[in-house]
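Shown next, in structure tokens, is the structure this report addresses.
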């Protein structure tokens, strides 16, 4: 597998969808456009579904025409401001601010880009499915999101929850996970109940702190505007005016997911995320995630998003690891089937 698509890959494989464009940058403008250690190029790829390269003083962009045009305008605006200010202390992050402004200005004209604003980040989907997911997270009452690690299932859901809490669409956020041991025995760890279950919930705290300043997040947790709790704590409750997320739902049984979803109250949104291939339950058949999707997917206000490997936005190594494991699992299954048929 190639680490990056080449120019020819784009022209041959996606000739109807992707193009390549080059921007020539003057020596005096290189730092302002590319940033220190090419940090602005990484920012371009974070905000838009593009690939960017530096070749000397050239900025090469590969992607859809509308995304490339946004970057071109932002670069042009940055260079213009650099020339007008002529200041030694010119902030190179103006490039990033200009890009965000152009994305916001063009949002109405770009169907495949959705922006979810939080107090710390402007979150943009990096694939068509991620952008569809962000759109659905604004509309549907119950959303299931499945797929491999690194596809943004949980992070985008938390981003949508934070954004909608800040917009006063909901009174609180509730983030939950099943407290299921992943091969390690944590029950004998010292501490009270909170200290015992916090290791299971740590990824939810991490996502939250990525999206909100820590002091604001802690203040909202203390005021119960944001609650992070094990799935078992959901039993017997009715959750009104809440954005509720159940993460790692492949580790929840059918009855647990049913219990969780029936907590849904007035003006509430519930998101269930998980990777069916990574259950930590004793038997994979005990997982209620796929079974719940099958039962509920026909309901009008229920939506299901199935992410694939092409939606992985973590380091490219994650994609390679997942592909290798999938290939191995397929080979083992094939050998097992051959022995069974003999």
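Within segment 241-259, the residues that satisfy the criterion of being in contact (Cβ under 8 Å) with a residue 60 or more places away in the chain and under 14 Å from residue 270 (Cβ atoms) are 241, 242, 243, 244, 245, 246, 247, 249, 252, 256.
With the condition kept exactly as written, say whether any residue in segment 64-82 is assigned by TED's automatic domain parsing to the domain that holds residue 100, buried (at least 17 other Cβ atoms within 10 Å of the Cβ), in contact with a helix residue (DSSP H, G or I) (Cβ under 7 Å, 6 or more places away or on another chain) and in a strand (DSSP E or B). No; the residues of segment 64-82 include none that is assigned by TED's automatic domain parsing to the domain that holds residue 100, buried (at least 17 other Cβ atoms within 10 Å of the Cβ), in contact with a helix residue (DSSP H, G or I) (Cβ under 7 Å, 6 or more places away or on another chain) and in a strand (DSSP E or B). Among the residues of segment 321-331, is there at least one that is buried (at least 17 other Cβ atoms within 10 Å of the Cβ) and either modelled with pLDDT under 80 or assigned by TED's automatic domain parsing to the domain that holds residue 154 (or both)? Yes, the conditions are met somewhere in segment 321-331.
Might you let me know whether segment 20-27 holds any residue that is within 25 Å of the chain's Cα centre (by Cα), surrounded by 15 or more Cβ atoms within 10 Å (Cβ to Cβ), outside the structural domain of residue 126 (by TED's automatic domain parsing) and at pLDDT 90 or above? For segment 20-27, residues within 25 Å of the chain's Cα centre (by Cα), surrounded by 15 or more Cβ atoms within 10 Å (Cβ to Cβ), outside the structural domain of residue 126 (by TED's automatic domain parsing) and at pLDDT 90 or above: absent. Determine which single condition residue 61 fails, assuming it passes every other condition in (1) at pLDDT below 90; (2) touching a strand residue (DSSP E or B) at 6+ places or on another chain (Cβ under 8 Å); (3) crowded, with 19+ Cβ neighbours inside 10 Å. Residue 61 satisfies all of (1) at pLDDT below 90; (2) touching a strand residue (DSSP E or B) at 6+ places or on another chain (Cβ under 8 Å); (3) crowded, with 19+ Cβ neighbours inside 10 Å except (1). The residue that is nearest to residue 225 (Cα to Cα), among those in segment 235-256 that are modelled with pLDDT of 95 or more and in contact with a helix residue (DSSP H, G or I) (Cβ under 6 Å, 6 or more places away or on another chain), is 243.
Hey, any hits in segment 280-290 for a residue that's at pLDDT below 90 and assigned to a strand (DSSP E or B)? Yes: segment 280-290 contains one or more residues that are at pLDDT below 90 and assigned to a strand (DSSP E or B). For segment 201-215, the set of residues classified as under 9 Å from residue 228 (Cβ atoms) and under 13 Å from the mean Cα position of the chain (by Cα) consists of 204, 208, listed by residue number. Looking across segment 265-280, the residues that are closer than 20 Å to residue 146 by Cα and more than 17 Å from the chain's Cα centre (by Cα) come down to 269, 276, 277, 278, 279, 280.
The values are calculated or read from the model by the stated rules, or taken from the named source; none is laboratory data. These figures come from a predicted structure and were not determined experimentally. Please note: Cβ atoms are built from the backbone with ideal geometry, for glycine as well, and neighbour counts cover all protein chains shown.
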